[in-house]
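In what follows, a structure is listed as structure tokens, so that the remarks can point back to it.
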Amino acid sequence: MAGLVRQTSSQVHIDASTVDLLGADLSTDYQPEQWVGGLIAADPTGDAVRIACGQEIATIHVIAQLWDERPPLDVTDLEAWQDIAEVSVNWQSLMLDFGTTGGGEDLAQQLVIPGPGSYRIRVSARNRDDGDPRDDSDPTEALLIQVWQAPTEEDCVIKQSSDTAQLWADQ
């Protein structure tokens, strides 16, 4: 049975409508040509994954989890999230950063992983269609990023139901 190894949670500032998952160098020039499920795209050279958001500039809630194997996906998950997609990556770093923007490092925005190797990343997203910009009373966009070591597999869309996902998928 799959077990959660570690988890971190943070409010992440986004700019240019994406959350970037980066390795130790904290930078990438990767520009996706297509988005899996209108949600996620992985750089084939490694250490960069982009997640498409429903807002251009905002603060969103991000939970990142490391699992010892593929995490379960049940009916509750399918109901709770608008969009869910998975990609494989060949990661070269010892960490996966999802929000550090220069200055000081915010360790709450980094997920330590076992080391370089082949990983699977599942991203689940919700509240993507609730406006841009948003009022304080509007729902906060949220992402769940689940990571585990796994051999390379085909990209897959588990659920795609938001208008935002359709917009990104059509680009």
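The values are calculated or read from the model by the stated rules, or taken from the named source; none is laboratory data. Bear in mind the structure is a predicted one, so any value in this text is a computation, not a measurement. All Cβ positions, glycine included, derive from the backbone under ideal geometry; neighbour counts span all protein chains shown.
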Taking into account only those residues within region 100-127 that are over 22 Å from Q55 (Cβ atoms) and charged (D, E, K, R), which is modelled with the highest pLDDT? R120
Across region 135-167, the tally of residues that are out of contact with any Asp or Glu (no Cβ under 8 Å at 6 or more places or on another chain), of a type outside the set (G, A, S) and more than 30 Å from L94 (Cα to Cα) stands at 4
Is it the case that A2 is among the small types (G, A, S) and not in a loop (DSSP other than H, G, I, E, B)? no
Unique residue being out of contact with any strand residue (DSSP E or B) (no Cβ under 9 Å at 6 or more places or on another chain) and small (G, A, S) when the list is S124, S161, S137, S118: S137
Can you tell me which of W81, W168, W91 is of a type in the set (F, W, Y) and closer than 16 Å to R6 by Cβ? W91
Lone qualifier among D135, D97 - being out of contact with any Cys (no Cβ under 9 Å at 6 or more places or on another chain), crowded, with 21+ Cβ neighbours inside 10 Å, of a type in the set (D, E, K, R) and modelled with pLDDT under 95: D97
Condition broken by P139, with the remaining ones in (1) outside any loop (DSSP other than H, G, I, E, B); (2) over 17 Å from Q7 (Cα atoms); (3) not polar (S, T, N, Q) satisfied: (1)
Restrict the check to region 9-27 and report whether at least one residue is free of Cβ contacts under 8 Å to residues at least 24 places away in the same chain and either closer than 23 Å to E153 by Cβ or of a type outside the set (D, E, K, R) (or both). yes
Of the residues in region 11-27, how many are touching a Phe, Trp or Tyr at 6+ places or on another chain (Cβ under 7 Å) and modelled with pLDDT under 85? 0
Return a yes/no flag: does region 118-133 have any residue that is free of Cβ contacts under 8 Å to residues at least 40 places away in the same chain and within 23 Å of L26 (Cα to Cα). yes
Step by step: first the residues of region 44-77, then only those that are of a type in the set (D, E, K, R) and buried (at least 20 other Cβ atoms within 10 Å of the Cβ), then the one that is farthest from V5 (Cα to Cα). Which residue is that? R50
Report the residue count in region 5-27 for those that are crowded, with 17+ Cβ neighbours inside 10 Å and assigned to a loop (DSSP other than H, G, I, E, B). 2
For region 115-132, name all the residues that are over 18 Å from the mean Cα position of the chain (by Cα) and surrounded by 14 or more Cβ atoms within 10 Å (Cβ to Cβ). P116, D130, D132
